[in-house]
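As structure tokens, the structure follows; a few thoughts come after it.
The values are calculated or read from the model by the stated rules, or taken from the named source; none is laboratory data. As the structure is a prediction and not an experimental result, all values here were calculated from the model. Note: ideal-geometry Cβ built from the backbone for every residue, glycine included; neighbour counts use all protein chains shown. Quick note on the areas: whole protein, heavy atoms, side chains included, nothing else; ligands and nucleic acids left out. Shrake-Rupley method; radii C 1.70, N 1.55, O 1.52, S 1.80 Å.
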Amino acid sequence: RGAKTAATSTAAIGTAVREKGRLRSALGWLAIAAAVIVFALLIGALSFGAPDSRGALDPESAKGSGTLALAELLRDQGVEITVTRTRTDAIAAIRDDSTLVMADPFSLSDEAVEALIEPADRTVFLSSASRLLRLLDLGENAAPPASGALDAGCGLPEFANVGAVQPDRFFSPADGVTGCFQSDGAAGLLVDDRTGDLTALIEGVSLFGNEHLAENGNAALGLALLGQTGHVVWYVPSLADSDLEA
């Protein structure tokens, strides 16, 4: 019965997305904001009606910390999403027009992380870890500023119309790394294109989770980060896919 409820609710989300999509050309971000509100209501019904064992930032999770609403919003914008739960499948799915997306791959060794992201021209980490900052030479952790919601303020055109967001983790960018949503030298988003490929890192649970996506410019930021290519390979890390012996 739970699976049937989930399938019905997911179909309802798809119907709502298509109906809201017709407004996009006329209302732009207003249509997206309205769609997100509809998603929030439907996702709430889905999470109430069916058990969900998925983790945070999982694109198939209807929990408050899941990102099913963001995934559906991307699909409404014409982005194809391939959800993978092994790094082998993720690497095989990467194409020339792919953005590789994942939460912090906590279960992978440094070598496995490097092998996973090597074939991707564009990689977005939706959650952060000190190890990733070191491994990718992106910068260091920084104390959060006293200010609240912040505009991008970094000159990158894809974030120009995002609006203000309120990150809950901040970083000091390394030399050559662009920091966005900055205050007092601390940035909520790091963007690195020093090698010609692009790597972005942000702490996203409080921004892109189903329960927060309709707040501030969160939905617009999610689209700006993940919607720049026609295909998203969304890798979901897990202990089942770990290469670590301990």
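Worth a mention:
- Of residues in region 191-210 being over 22 Å from Glu111 (Cα atoms) and more than 10 Å from the chain's Cα centre (by Cα), the one most open to solvent (accessible area, probe 1.4 Å): Ser206
- Only one of Ala146, Ala92 that is aliphatic (A, V, I, L, M), at pLDDT 95 or above and over 17 Å from the mean Cα position of the chain (by Cα): Ala92
- Residue in region 59-82 that is more than 20 Å from Glu215 (Cβ to Cβ), open to solvent by 50 Å² or more (accessible area, probe 1.4 Å) and modelled with pLDDT under 50 present: no
- Under the condition of being within 23 Å of Ala224 (Cα to Cα) and acidic (Asp, Glu), the residues counted in region 76-120 number 6.
- Scan of region 122-140 for residues that are surrounded by 14 or more Cβ atoms within 10 Å (Cβ to Cβ) and touching a strand residue (DSSP E or B) at 6+ places or on another chain (Cβ under 7 Å), ordered by number: Arg122, Thr123, Val124, Phe125, Leu126, Ser128, Leu132, Leu133, Leu136, Leu138, Gly139
- Leu30 vs. criteria modelled with pLDDT under 95, part of a helix (DSSP H, G or I), open to solvent by 50 Å² or more (accessible area, probe 1.4 Å) and farther than 19 Å from Val205 by Cβ: yes
- Remark: pairs (first residue in region 158-186, without any contact (Cβ under 8 Å) to a residue 12 or more places away in the chain and closer than 23 Å to Asp197 by Cβ; second residue of a type outside the set (D, E, K, R) and surrounded by fewer than 16 Cβ atoms within 10 Å (Cβ to Cβ); Cβ separation under 7 Å; 6+ apart in sequence or on different chains) are absent.
- Answer residue from region 57-77, given it is assigned to a helix (DSSP H, G or I) and among the small types (Gly, Ala, Ser) and is nearest to the chain's Cα centre (by Cα) among those: Ala71
- Residue count, region 211-241 (criterion: open to solvent by 40 Å² or more (accessible area, probe 1.4 Å) and touching a helix residue (DSSP H, G or I) at 6+ places or on another chain (Cβ under 9 Å)): 6
- Index of the failed condition, Trp234 passing every other in (1) within 24 Å of Glu111 (Cβ to Cβ); (2) in a loop (DSSP other than H, G, I, E, B); (3) within 18 Å of the chain's Cα centre (by Cα): (2)
- Within region 95-121, the set of residues being over 13 Å from the mean Cα position of the chain (by Cα) and open to solvent by less than 30 Å² (accessible area, probe 1.4 Å) comprises Ser98, Pro105, Ser107, Leu108, Ser109, Ala112, Val113, Leu116, Ile117, Ala120.
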